[in-house]
Each structure stands twice: as structure tokens, then as C-alpha cells.
Amino acid sequence: MAPSTLSAAFLIARKDLAIEFRTRTAFFSAAVFALLGIVIFYFAWDPTAVASIDLAPGVLWAIFTFSGLLGLQRSFGIEQADRAIDALLGAPITRESIYLGKAMANLVFVAAVQVIAIPAVQLFYGVPLLENAALLALIALLAAIGLVAVGTLFSAMAVNTKLAEMLLPVLSLPFFVPVVIPAAQATARLIAGRPGSEIVGWLKLLVAFDIVFVAACTLAFPFTIEE
Amino acid sequence: MTSPSSAGPASGAAKSAGGIDWLFLVAVLAIAAALARVIYYTPFEAVQGPAQKIFYLHLPAALDAFMAFGVVAISGIAYLWLGDLRLDRAAESSAEVGVVFTTVVLVTGPLWARPVWGTWWTWDARLTLTLFLWFIYVGYLVLRGAIDDRALRARYSAILGILGSLLIPFIHLSVYLFRTLHPRPIVIKPSAPSLPPEMLTTLVISFVAFTLFYLALVRQRYRLATERDLLELEEGR
């Protein structure tokens, strides 16, 4: 019996995460990349001229964006070897479940990088990120869903082009802007101790982006697969 | 979905036989006439002086660029639905012309901003939006260039064209929450337009001229796409 879309998606996510857990190549390079970025950004500014509390939110979100791209590139890249994608397509599951499964695995990947990067920013920049851990986790989750929804779709498209992984950032980064701006703004207000009402608007924007692009990308994904 | 369009490229190619492109000629004359009116028959704006006249290029180009990207999105939806390659050629042509018009907006904007705002560039909401529009559709053209398979190129472009149009309101909202330097809408608003009638007439003439120019360019570009598809078909790609 063919599994439902959601349970098939969980199976695919588990498969991708098992591969990642056993090899750990992408995760380690993304985590190290994030840490390097945090350090380099700090020295790119004059710390006596720019307060690190002003710097930290932007750095945090720029880092997530770029390290997220590292994971997204692999998402469909690993299916190219031995044409593994053909086996996925031949399986009695819906196309949407392939997309959702890949997206879920990518979401775990991005969240894992965040779990390393957020304390690192707190440590290196001396800003109170973790004092409002629940709210920050909410911002990070909403933003990660948006990044992953679009990035997973573009990853599926990019592997079938001549430019391959070169194309992913060109396609994705304009779409990451309406995620990075609200996330960075909300984070900045959070660590500045501003009232929650100043954050709500940015959170709404993130939720709206997530709803629109998860729906649109799920619908669009079947068209990206060669039949 | 992968099969080439049933209409095939041949049906459009017959029309592209030589002769004068009348639409193009009319469009160029219309642009010349609009420019003449802008320069000689439209009064100076009281505060900004001659610099304000760039407005008659800037706004029509921006409106037609938006229209062009709207055509890309609608053709994309229609292509995914019907699978007719003519729709993809229309999207391709419109995107390319739209990028040219957006470039015009991005060039005329700073030229106007320098004397009036005192700066070439500012991270104002509409400037940022226009810049990102340019990035999205340049990315669209890069994507097209990176795919050899005709049907795959059409499908991927359609997806990006549709997602791009969904993205525009989000970029607008997120950058709008920053302070904006741009004037509030002055032409299309609930009360009467606050442009003097001479200026409004010039603007409308200029808009019509630019739209004709847009149509002429898209038609030319569409013919080129048709002939390229025909050539690729003959080469057996």
C-alpha cells in the first residue's frame, strides 16, 4: 500500500538525515563556515565604532542564509549520484511528499546550524540572545521555514542546470531578503529589550511568507522533476 | 509536459518575413513626440526645475516594467497549465524587455535623486524594491541561459516567473517598514491627481509611448525566440 504524502515525506526526511548523520560532511562544513563567518564579520567592523549589539542580528542572519545555502546545495545533489532520484520518482509516493521530505530534512539541518551559531554569537559578541530563548527560537523557526521552502525548490531546479550549485545563490538570495529583514529586525528589537509589540509585525510578515511560499513551492515542485 | 508545443515554432515563423516593422516605427516616433513635448511644451516644476522632467521617463518605464513582469507571471501560469511553447516565448521576451525597462528606471532614478534629494542612492523602499526586481529577473535570464532542454527551460522559467511575482509584495512590505523618501502616490489616488493638467497630459502621452515601445520590443524579441526555436529544432536538439 502506498504511504500517505506526509508519512512518505517523513521517510524521505529520515533517509536524508541518516545519510547526513553518518557522513556529517555538510553539517560540519556548514557549522565551521558559520563560526568562521561570525569571527570574520566581527573584524570587518571597527568594534570601537560599531556596538556589537547593533552588529549581531545582521551577522546572525547573514550567516544563516549562507550556511543554509551550503546544506541546500546538497539536498538534491546527493540524489544525482547513480541517478538515485529516479528511484525516488519510481516509488509509489506523490511528488509533493518528495519535496516535503527534502524540506523537512533541510529544516533540521538549518536548525542544527542555528543551535551552534546562536550561542556562538552570544559568546563572541557578548549580546543577550539567549535571555529570550523562546522568542528567539520562534523567530529562527519561522525564518528557517521560509528559507528552506524556497531553497529546497531551487535546489531541485539548480541541479538540473548547466551551472548547478552556482545558480542556487543567484536564484535564492532575492527570495531570502523578505525573510532576513524581518528576522534581523525582530532579533535586534529582542536583544535591545524593546516591547513585544514592536516584534509582532515582523513575525506576521514571516508567517505570511511561510504560508505563501510553502504552498506555492509545494505546488510548483512536481513541475521541476523530469518525467 | 515534456513534449514540445503542439503549435510548434513554425506557425510563428512565417510572420517574421522581412519588411518594415510598423509597430516599432510608430513606437519610436511616439517616444520622439513624447520627448519633444516633455522638453518644449511642459512647464518646469516650481521647486525642482528641469530635473523634474526625468519623471516623464522614470515613471512610465517603471509602470511598463511592472507590466512586463506581470506578463511573465501570467504566461508562466498559462504555460504550466497548457504547455504551449508560444507562452514561454512571450514570457522570455517580456522578461528581457522588463529588465531593460528596470535598468532605465535604475539609471534615471539616481540622476533625478542627485539634484533633488542630494544623493545618488538611498535605501528607500521603492528603490530597494526596484533593485531587487532587477536581481530577480536577471536571475531569471541567467536560469534560462543555463538550461539546454527546451521544455525544461520553459517549465523552470515559468516557476521562477510565478514565484518572483509572489515575492514582490513581500519585498515591498519588508522594505516599506523602513522609512521611505519617495513621494506618496500623486496620480492614482482617491482624490483628483495633484499634477497640473499639462504635466498629467505629458505623463499620459509618455506612458502610451513607452507602452508602444514595450510592445514593439517584445514583438521583435518574440520573433527572434521563434526563429531560434525553429533553428534548434532543425539542428535536432
Checklist entry - Within the stretch B:11-23, is there a residue that is modelled with pLDDT of 85 or more and surrounded by fewer than 18 Cβ atoms within 10 Å (Cβ to Cβ)? => result yes
Item to check | Subset tally (residues that are buried (at least 20 other Cβ atoms within 10 Å of the Cβ), charged (D, E, K, R) and away from chain A (no Cβ under 14 Å)) for the stretch B:70-102 | outcome: 4
Checklist outcome for this item: Scanning the stretch A:172-202 residue by residue, those within 9 Å of another protein chain (Cβ to nearest Cβ), closer than 19 Å to B:ILE136 by Cβ and of a type in the set (Phe, Trp, Tyr) turn out to be A:PHE175
Checklist outcome for this item: Screening A:ALA56, A:ALA81 for residues that are surrounded by 21 or more Cβ atoms within 10 Å (Cβ to Cβ), more than 18 Å from the chain's Cα centre (by Cα) and not polar (S, T, N, Q) leaves only A:ALA56
Item to check | Flag for A:ALA184 being touching a helix residue (DSSP H, G or I) at 6+ places or on another chain (Cβ under 7 Å) and of a type in the set (Gly, Ala, Ser) | outcome: yes
Checklist outcome for this item: Here the residues within the stretch A:203-220 that are surrounded by 22 or more Cβ atoms within 10 Å (Cβ to Cβ) and either small (Gly, Ala, Ser) or within 9 Å of chain B (Cβ to nearest Cβ) (or both) are A:LEU205, A:PHE209, A:PHE213, A:CYS217, A:ALA220
Checklist outcome for this item: The condition of being buried (at least 21 other Cβ atoms within 10 Å of the Cβ), away from chain A (no Cβ under 14 Å), assigned to a helix (DSSP H, G or I) and small (Gly, Ala, Ser) holds, among B:ALA61, B:ALA51, only for B:ALA61
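The values are calculated or read from the model by the stated rules, or taken from the named source; none is laboratory data. All figures in this text were calculated on a predicted structure; none of them were measured in a lab. Cβ sites come from the backbone with ideal geometry, for glycine too, and all protein chains shown count toward neighbours.
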